Amino acid sequence: MSDLTYARTLERARNLCARREMCSREMRDKLTAWGVEGEDVQKILQKLTEQKFIDDRRYANAYARQQHLLRKWGKIKIRMMLQRKEIPEPFIEEALDGLDEEVYRQTLREELRKKRRTIKAKNRYDLLARLQQFAYGRGYEPDLARRLAEEIAGNTP
């Protein structure tokens, strides 16, 4: 890669990172799609990391907050998606630990209440199963899903 091409590609990558948070994996995929190869990809990633355009720890924290608050995802689903993006495990743990537990539980409680209004259950056990399945699908932990589903199902006639 010529110096001019390298400089243009680096500037294009910086502009992209300035518009939205990106992790190393996403940028590596983007560079590959642009036709950048091998050692040049590593050089650009290293430069972006040194200049703080890419920070996987910052990305993990932002991603966890965003997916929980906007999409109402649970920790299991968030973890799985961050693992797919090859975020290091310590950063994933830190991001998940950074979620406010009370807000986390309250979010699931509200989502289960909304879901409860749409379920035509045959009996209480059917209702519990459907509420728990809904929570599992959103990536919430089985124990928390069970407890809150029982709470919601117990509050209904």
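Quick notes on this structure:
- Projecting the Cα positions of Gln83, Tyr63, Leu96 onto the charge dipole of segment 57-97 (unit charges on Cβ atoms of Lys, Arg, Asp and Glu, taken about the Cα centre) puts Tyr63 furthest along the positive direction.
- When only Cα pairs below 8 angstrom with a gap of at least 6 residues are kept, segment 101-154 shows a relative contact order of 42 percent.
- In this entry, the chain is assigned a mean projected area of 10.9 nm², taken as a quarter of its C-alpha convex hull surface.
- Check: segment 75-120 dipole with +1 on Lys, Arg Cβ and -1 on Asp, Glu Cβ, in debye: 760
- Karplus-based coupling profile of segment 10-25, in residue order and whole Hz: 4, 5, 4, 5, 4, 4, 5, 5, 6, 7, 7, 5, 10, 9, 4, 4, with θ = phi - 60° in 6.51 cos²θ - 1.76 cosθ + 1.60 and x standing for Gly or Pro.
- One compactness figure for segment 57-97 is 0.97, namely its Cα radius of gyration divided by 2.2 N^0.38 Å.
- Short-range pairs are left out: with C-alpha atoms under 8 Å and at least six residues apart, the relative contact order of segment 3-54 is 46 percent.
- Inter-part distance where segment 36-72 and segment 108-135 are each reduced to a Cα centre, Å: 37
- Taking only the alpha carbons of segment 3-54, we obtain Rg and Dmax values of 9.7, 26 Å in that order.
- Positive minus negative residues near Glu50 (Lys, Arg vs Asp, Glu; Cβ under 13 Å): +3
- Looking at segment 87-157, the trypsin sites (Lys or Arg not before Pro) that sit in a DSSP loop and have at most 12 other Cβ atoms within 10 Å of their own Cβ are Lys120, Lys122.
Computed from the coordinates by the stated procedures, all read-outs in this text should not be read as laboratory data. Here the structure is a predicted model, which is why all the values come from computation and not from measurement. Neighbour counts are summed over all protein chains in view; Cβ atoms, including those assigned to glycine, are modelled from backbone coordinates with ideal geometry.
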